[in-house]
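These notes concern the structure reproduced below.
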Amino acid sequence: MNATNLIDTEQRLGAHNYKPLDVVLTRGEGVYVWDTDGKRYLDCLSAYSAVNQGHCHPKIREAMIEQSARLTLTSRAFRNDQLAHFYEEVAALTGSHKVLPMNSGAEAVETAIKAVRKWGYEVKGVPEGKAEIIVCADNFHGRTLSIISFSTDPDARAGFGPYTPGFRIVPFGDADAFAAAINENTVAALIEPIQGEAGVIIPPAGYFTRVRELCTTNKVTLILDEIQTGLGRTGKMLAEEHEGIEADVTLIGKALSGGFYPVSAVLSNSEVLGVLKPGQHGSTFGGNPLACAVARAALRVLTEEGMIENAATMGEYFMDGLRSIRSNIVKDVRGRGLMMAVELEPEAGGARSYCYALKDLGLLAKDTHEHTIRLAPPLIITRAQVDWSVEQIARVLGT
Ligand SMILES: *Cc1c(COP(=O)(O)O)cnc(C)c1O
């Protein structure tokens, strides 16, 4: 089948819950992907930051092939010889005390919600059924029913009720509103350090310091969803490091496997994960030896190959380049590390047509929230590749 046939077949047989750019990819290596016609693109989305390490990283691939020939799945009915190493390495790299492995990001979020509710009843003493969790407007935490119950995006939420109760929504970045939402039944706050899907929204300086203080004072568990911001994307292992705070519970996923396999984890610095006893939570695939081996390699190359430092320096360099573009249609350029966004003026008529123009020039990026182009290349991007990318973006957006 050629690209047109493949697209037609997808349209005919698949559910239309996505509207991808019409580029059919067949191969990836490092920052590059190739389509079925052999055209090369620089990937500035990195599968929503799941391939921070670059496409098909050889060391992660090697770990996957090796482990897949030995043992892939035991279920948690038995132990496997990869899980302990995975725990040890994740805990060391993120400064955590306890780890609970899951698969998709949404499952990690669900796990955290279950754990903090139980913690609220058993440890904090919240009356049964009254637990509240504070979340932020314009959040993105995944697609399960409980998660979309507290989404403020009509596309994500409408038509899927009845909804899971127990969530209180406050504006992102507003510490006073956060303080006002806390009551004696508040068990947790669930927040993204930077709102990615909302268009790379960075909260005002001092916001998280205040949120951290409020959580500590009021015995509220602070859960940071670092599924997109974590593992080097912002130029630090975890984005919380930019704020000088530590979450009680940290959620990671996406790049935890370098894009090879769904692997997520709930990391805890508190007593929260301790409330889960045998039989109260689980997953057939969570913590399987293949996932553990892949995740171990994915974490190892992040640090061994200096990807996090590169994200910091190349992120700054990329942003400088973007800011230097002379354009009538650019409203804002923002970002941290290699998590960046260019917001266009509404008169530009939406970001999607510009993403198509960039695609024609060999750069893949994704529009988000109508007017924003999100840019998040693999963390291995070089200076020359940033120069080239900025040049293409200038050609499309510049005057
Ligand atoms: C992608 C993402 C999720 C959901 O992860 P899935 O693996 O798609 O379930 C949750 N939170 C954030 C911040 C994300 O970016």
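The values are calculated or read from the model by the stated rules, or taken from the named source; none is laboratory data. No experiment lies behind these values; they were computed from the predicted model shown. Cβ: placed from backbone, ideal geometry, glycine included. Neighbour counts: every protein chain shown.
When the test is whether a residue is away from the ligand (no atom under 11 Å from the Cβ), crowded, with 24+ Cβ neighbours inside 10 Å, under 12 Å from the mean Cα position of the chain (by Cα) and closer than 25 Å to Ala63 by Cβ, Gly232 passes it. Within the option set Tyr41, Tyr48, Tyr18, being within 16 Å of the ligand (Cβ to nearest atom), touching a helix residue (DSSP H, G or I) at 6+ places or on another chain (Cβ under 8 Å) and assigned by TED's automatic domain parsing to the domain that holds Gly315 holds for one residue only, Tyr48.
For residues that are touching a Ser or Thr at 6+ places or on another chain (Cβ under 8 Å) and either farther than 17 Å from Ala177 by Cα or in a loop (DSSP other than H, G, I, E, B) (or both), tally how many sit in segment 205-220. Of the residues in segment 205-220, 2 are touching a Ser or Thr at 6+ places or on another chain (Cβ under 8 Å) and either farther than 17 Å from Ala177 by Cα or in a loop (DSSP other than H, G, I, E, B) (or both). Among the residues making up segment 308-367, those that are farther than 23 Å from Asn52 by Cβ and polar (S, T, N, Q) are Ser324, Ser327, Asn328, Ser353. Just one residue in the set Thr399, Thr382 is at pLDDT below 95 and over 19 Å from the mean Cα position of the chain (by Cα); that residue is Thr399. Got at least one residue in segment 322-343 being in contact with a His (Cβ under 9 Å, 6 or more places away or on another chain) and within 20 Å of Tyr41 (Cα to Cα)? Scanning segment 322-343 turns up no residue that is in contact with a His (Cβ under 9 Å, 6 or more places away or on another chain) and within 20 Å of Tyr41 (Cα to Cα). Exactly one residue among Pro289, Pro278 is without any contact (Cβ under 8 Å) to a residue 12 or more places away in the chain and closer than 28 Å to Arg70 by Cα, and that residue is Pro278. Filtered by the rule that a residue be part of a strand (DSSP E or B) and touching a Pro at 6+ places or on another chain (Cβ under 9 Å), segment 222-244 gives Leu224, Asp225. For segment 236-248, the candidate set comprises residues that are surrounded by 24 or more Cβ atoms within 10 Å (Cβ to Cβ) and within 15 Å of the chain's Cα centre (by Cα); within that set, the residue that is farthest from the ligand (Cβ to nearest atom) is Leu238. Restricted to segment 211-229, and to residues there that are β-branched (Val, Ile, Thr) and touching a helix residue (DSSP H, G or I) at 6+ places or on another chain (Cβ under 9 Å), the residue that is farthest from the ligand (Cβ to nearest atom) is Val220.
The number of residues in segment 141-183 that are farther than 20 Å from Gly206 by Cα, assigned to a loop (DSSP other than H, G, I, E, B) and among the charged types (D, E, K, R) comes to 2.
For (1) buried (at least 22 other Cβ atoms within 10 Å of the Cβ); (2) over 30 Å from Met237 (Cα atoms); (3) in contact (Cβ under 8 Å) with a residue 40 or more places away in the chain; (4) aromatic (Phe, Trp, Tyr), each residue gets a yes or a no:
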{"site": "Gly306", "(1), (2), (3), (4)": "no, no, no, no"}
{"site": "Ala312", "(1), (2), (3), (4)": "no, no, yes, no"}
{"site": "Phe318", "(1), (2), (3), (4)": "yes, no, yes, yes"}
{"site": "Ser327", "(1), (2), (3), (4)": "no, yes, yes, no"}
{"site": "Ala341", "(1), (2), (3), (4)": "yes, no, yes, no"}
{"site": "Trp388", "(1), (2), (3), (4)": "no, no, yes, yes"}
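Restricting attention to segment 136-164 and to residues that are in contact with a strand residue (DSSP E or B) (Cβ under 9 Å, 6 or more places away or on another chain) and closer than 27 Å to Val123 by Cα, the residue that is nearest to the ligand (Cβ to nearest atom) turns out to be His141.
The residues listed here are Ile201, Ile182, Ile113, Ile169; of these, the one that is among the β-branched types (Val, Ile, Thr), away from the ligand (no atom under 15 Å from the Cβ) and within 27 Å of Thr368 (Cβ to Cβ) is Ile169.
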